[in-house]
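The values are calculated or read from the model by the stated rules, or taken from the named source; none is laboratory data. Predicted, not measured: the structure shown is a model, and the values here were computed from it. Cβ placement follows ideal geometry from the backbone for every residue including glycine, while neighbour counts extend to all protein chains displayed. Protein only, heavy atoms only, side chains kept; ligands, DNA and RNA dropped before computing areas. Shrake-Rupley method; radii C 1.70, N 1.55, O 1.52, S 1.80 Å.
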Amino acid sequence: MNKKSVVIALGGNALSPKGDDGSIKNQFIHTKESMQNIMHFVRKKYNICITHGNGPQVGDELRRNEISSNKIPPLPLGVLVANTQGAIGYMIQQSLQNALYKEKSDREVVTFVSQVKVDRTDPNILHPSKYIGFRFNSEKANSLSEKYGWNIKEQEPNSWRRVVPSPTPLYIFNGKSIKHLVDFGTIVIAGGGGGIPAYNNLNGTLEGLDAVIDKDMTAALMGRVTKSQELYIITDVDNIYLNYMKTNQLTLDETTTTEIKQHLKDGHFQEGTMAPKIKAALYFLKYHGNKVVITSISNLKNAILNNSGTIIRN
């Protein structure tokens, strides 16, 4: 195997793009397409760990709970994170295993249902910021907020979404097992949806928490656990931009941690969208990481060849 290890953080757009109906049929179609791009890492003989988002899916699950709550006992958000982690892991695992089969590769794919430790007193728990579920105009979003008691925020102009607590990930359970398999050459899917948030009670036992952890920060932590050299953060844009969507928009092709920290301080990256990705990149490069690439799934092949995407180095 290649001595390089990579963590690939798949955004929700890779599985359920904006404007899609979110049907399981379409999610499988998008997942299969995305895995064709992940195969570029396989051909380069990387050791691979994949994390993924679950924002659209866990939002849908919450809404199903609310609609059927008078007939079926609803499930807490933490359990829904576990459910979507398993379901999305299944889609990725099957799609990638089929892609490997077509290329006569004997590498195996395994999915971990991952718990991630958080701090029960994390202030982020009291200030919901993680976008989940479908996008709505302001009228529809306010209507749903009043009906179900949602916290809502505007993510893009006239595009409102539900927000839930998003504590910082502190520790990934089963990290040694994940690293062992990655080093062996098994393709591991772990920390999906940011992982199932859990905290320690006073007696030391684990307890679930109703929140959704940012998957990019978990991916950065996963990179530290697996001692990976590279982190690819897959989102819905090809590059990072300064002055995004303004007349003076500027593409960043390659930058350093010093420069990107200043851009973050200057307010170029929106909280809840690009800012968490930048913070995850900085964390990864502080511990073991050599390179972070932020790009889209369709642009991945060129990004691996250093011909596209935004590259961040120390």
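Some values worked out for this structure:
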item: Of all residues in the stretch 65-110 being of a type in the set (Ser, Thr, Tyr), under 21 Å from the mean Cα position of the chain (by Cα) and open to solvent by less than 40 Å² (accessible area, probe 1.4 Å), the one that is farthest from LEU206 (Cα to Cα); result: SER95
item: Check on SER95, among the hydroxyl-bearing types (Ser, Thr, Tyr), out of contact with any Phe, Trp or Tyr (no Cβ under 6 Å at 6 or more places or on another chain) and more than 25 Å from ALA220 (Cα to Cα); result: no
item: Number of the condition not met by THR51 [criteria: (1) part of a helix (DSSP H, G or I); (2) closer than 17 Å to ALA190 by Cα; (3) in contact with a Lys or Arg (Cβ under 7 Å, 6 or more places away or on another chain)]; result: (1)
item: Residue check, GLY272 outside any helix (DSSP H, G or I) and of a type outside the set (S, T, N, Q); result: yes
item: Residues of the stretch 277-314 that turn out to be basic (Lys, Arg) and touching a residue at least 60 places away in the same chain (Cβ under 8 Å), as a count; result: 4
item: Neighbours by Cβ (under 6 Å, 6+ apart or cross-chain): first from the stretch 39-55, farther than 20 Å from GLY22 by Cα; second in a loop (DSSP other than H, G, I, E, B); result: LYS45/MET1; LYS45/ASN2; TYR46/ASN2; TYR46/LYS4; ASN47/MET1
item: Failed item in (1) in contact with a Ser or Thr (Cβ under 7 Å, 6 or more places away or on another chain); (2) open to solvent by 10 Å² or more (accessible area, probe 1.4 Å); (3) closer than 27 Å to SER16 by Cβ, with ASN314 passing the rest; result: (3)
item: Leading residue by the ranking (surrounded by the fewest Cβ atoms within 10 Å (Cβ to Cβ)) among those in the stretch 228-238 that are modelled with pLDDT of 95 or more and either closer than 16 Å to LYS4 by Cβ or touching a Ser or Thr at 6+ places or on another chain (Cβ under 6 Å) (or both); result: GLN229
item: Residue match in the stretch 32-46 (condition: in contact with a strand residue (DSSP E or B) (Cβ under 7 Å, 6 or more places away or on another chain), open to solvent by less than 20 Å² (accessible area, probe 1.4 Å) and not in a helix (DSSP H, G or I)); result: yes
item: Any pair with Cβ under 8 angstrom, 6 or more apart, that starts in the stretch 172-187 at a residue that is within 14 Å of LYS117 (Cβ to Cβ) and in a loop (DSSP other than H, G, I, E, B) and ends at one that is open to solvent by 10 Å² or more (accessible area, probe 1.4 Å) and basic (Lys, Arg); result: PHE173/LYS117
item: Selection status of GLY272, open to solvent by less than 80 Å² (accessible area, probe 1.4 Å) and out of contact with any strand residue (DSSP E or B) (no Cβ under 9 Å at 6 or more places or on another chain); result: no
item: Subset tally (residues that are under 21 Å from GLY175 (Cβ atoms) and touching a helix residue (DSSP H, G or I) at 6+ places or on another chain (Cβ under 7 Å)) for the stretch 91-106; result: 1
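For every residue, the table says whether it meets (1) modelled with pLDDT of 90 or more; (2) open to solvent by 60 Å² or more (accessible area, probe 1.4 Å); (3) more than 23 Å from GLU61 (Cβ to Cβ).
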{"position": "VAL113", "(1), (2), (3)": "yes, yes, no"}
{"position": "VAL118", "(1), (2), (3)": "yes, no, no"}
{"position": "ILE125", "(1), (2), (3)": "yes, no, no"}
{"position": "SER129", "(1), (2), (3)": "no, no, no"}
{"position": "ARG135", "(1), (2), (3)": "no, yes, no"}
{"position": "ASN142", "(1), (2), (3)": "yes, yes, no"}
{"position": "ILE152", "(1), (2), (3)": "yes, no, no"}
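Rundown of residues vs (1) charged (D, E, K, R); (2) out of contact with any Pro (no Cβ under 6 Å at 6 or more places or on another chain); (3) not in a loop (DSSP other than H, G, I, E, B), yes/no style:
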residue: ASN65; (1), (2), (3): no, no, yes
residue: ILE72; (1), (2), (3): no, yes, no
residue: LEU100; (1), (2), (3): no, yes, yes
residue: ARG107; (1), (2), (3): yes, yes, no
